[in-house]
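The values are calculated or read from the model by the stated rules, or taken from the named source; none is laboratory data. Computed from a prediction, not measured in an experiment: that's the story for all the values here. A quick note on method: Cβ atoms are made from the backbone with ideal geometry, for glycine too, and the neighbour counts reach across all protein chains shown. Accessible surface is based on the protein model in full, side chains and every heavy atom, while ligands, DNA and RNA are left aside. Shrake-Rupley method; radii C 1.70, N 1.55, O 1.52, S 1.80 Å.
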Amino acid sequence: MTAIYVNPIYDASSNHRYDAVDYGTIDPFLGNFKDLEKLSAEMQKRGMHLIMDGVYNHIGDDSIYFDRYGKYKTVGAYEYWSRIYDLMNDKHMTEAAAKVEAKKELEAEGQVFSPWHWENWFDIRNEKTQDMMGKKYAYHDWQGYDSLVPFKDADYPGSEQGTVKSDLGDYLLYGNGKDKGVIMKWFDEGLDGWRLDVAKEVPPGFWANVRKEVKSIKTKDGSEPLLLGEIWQDGSQFFTGDTFDSVMNYKLSFALGDLFLNKGDSRRPTTS
């Protein structure tokens with residue numbers, strides 16, 4: 001065994017942790033950065049590599065970035081836009097005036113705005129709807145799961161609409177000159193590679209930018225970092241040398257599962 005691949009270990013609201021609360025933290029249920037450093041060191045002694053699941057298509061609705069439930073001191077996108085829409089609907093303000101008033105109110109309450117402008121990363125609409133958690137303003141959710149909120153495609157650097165740099169791109173990848181981007185920072189904590197979740201739902205130009213940055217460094221043992229994409233469909237577009245080193249081969253895993261679990265038949269059963 002030469003590698004350990006772990007699910008996301010960020011602080012999150014669920015036990016699967018694909019709904020990150022904060023990309024810069026470790027879920028305290030699992031441990032802390034000292035524990036991660038010890039794990040990495042022990043693995044290096046054994047010639048092993050640590051691969052972590054990176055979820056950079058969506059975050060949790062209870063995250064610091066979105067903050068649907070108003071729990072955090074830094075203004076999240078949902079609490080910002082829901083305040084704006086309340087002012088527009090209840091006091092008949094224009095959007096421009098409501099933005100000014102919402103910012104004023106939030107800051108008066110002791111809230112602060114992120115220098116990364118989290119409030120601009122998501123698609124939240126002035127349209128009332130409801131889910132199991134109650135009434136809300138509608139927003140783009142991931143695969144119908146209200147607790148998972150994707151970033152706007154246009155904000156990824158390298159997307160067709162996006163610019164070379166963006167607040168989202170700087171936060172995830174490039175950093176700000178003082179702090180590294182999230183994807184790069186975790187290599188300092190002993191990471192050897194990324195398995196990148198739902199990679200086909202992120203603009204491929206962003207992954208090309210990721211590859212350029214990641215391949216410019218070496219891991220703590222001097223090896224080249226691994227980039228592995230989670231692709232359920234045909235992954236051939238990622239085999240051109242400008243994005244991933246490999247992809248997850250689910251078709252093979254399904255065939256093997258059927259071979260050993262479906263009475264030795266690797267052909268998928270049909271239903272009528």
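Across the range 154-177, which residue is modelled with the lowest pLDDT among those that are outside any loop (DSSP other than H, G, I, E, B) and open to solvent by 10 Å² or more (accessible area, probe 1.4 Å)? Looking at residues that are outside any loop (DSSP other than H, G, I, E, B) and open to solvent by 10 Å² or more (accessible area, probe 1.4 Å), I get A154.
The conditions of being part of a helix (DSSP H, G or I) and closer than 25 Å to N249 by Cα are not met by W194. Restricting K185, K200, K180 to those that are surrounded by fewer than 17 Cβ atoms within 10 Å (Cβ to Cβ), outside any strand (DSSP E or B) and either of a type in the set (V, I, T) or in contact (Cβ under 8 Å) with a residue 24 or more places away in the chain (or both) reduces the list to K185. Could you check, for the range 80-90, whether at least one of its residues is under 27 Å from L148 (Cβ atoms), open to solvent by 60 Å² or more (accessible area, probe 1.4 Å) and not in a helix (DSSP H, G or I)? No: the range 80-90 contains no residue that is under 27 Å from L148 (Cβ atoms), open to solvent by 60 Å² or more (accessible area, probe 1.4 Å) and not in a helix (DSSP H, G or I).
When N7 is tested against (1) among the polar types (S, T, N, Q); (2) open to solvent by 50 Å² or more (accessible area, probe 1.4 Å); (3) in contact with a Ser or Thr (Cβ under 7 Å, 6 or more places away or on another chain), only condition (3) is not met.
If you go through the range 94-101 one residue at a time, do you hit one that is open to solvent by 20 Å² or more (accessible area, probe 1.4 Å), touching a residue at least 12 places away in the same chain (Cβ under 8 Å), at negative phi and over 15 Å from the mean Cα position of the chain (by Cα)? Taking every residue of the range 94-101 in turn, at least one turns out to be open to solvent by 20 Å² or more (accessible area, probe 1.4 Å), touching a residue at least 12 places away in the same chain (Cβ under 8 Å), at negative phi and over 15 Å from the mean Cα position of the chain (by Cα).
Report yes if some residue within the range 51-59 is open to solvent by 50 Å² or more (accessible area, probe 1.4 Å), closer than 30 Å to R211 by Cβ and charged (D, E, K, R); otherwise report no. Scanning the range 51-59, I find no residue that is open to solvent by 50 Å² or more (accessible area, probe 1.4 Å), closer than 30 Å to R211 by Cβ and charged (D, E, K, R), so the answer is no. If you filter the range 235-263 down to residues that are open to solvent by less than 90 Å² (accessible area, probe 1.4 Å) and assigned to a loop (DSSP other than H, G, I, E, B), you find that the one that is farthest from A199 (Cα to Cα) is N262. Among residues that are assigned to a helix (DSSP H, G or I), more than 28 Å from Y174 (Cα to Cα) and touching a Lys or Arg at 6+ places or on another chain (Cβ under 7 Å), A102 is included.
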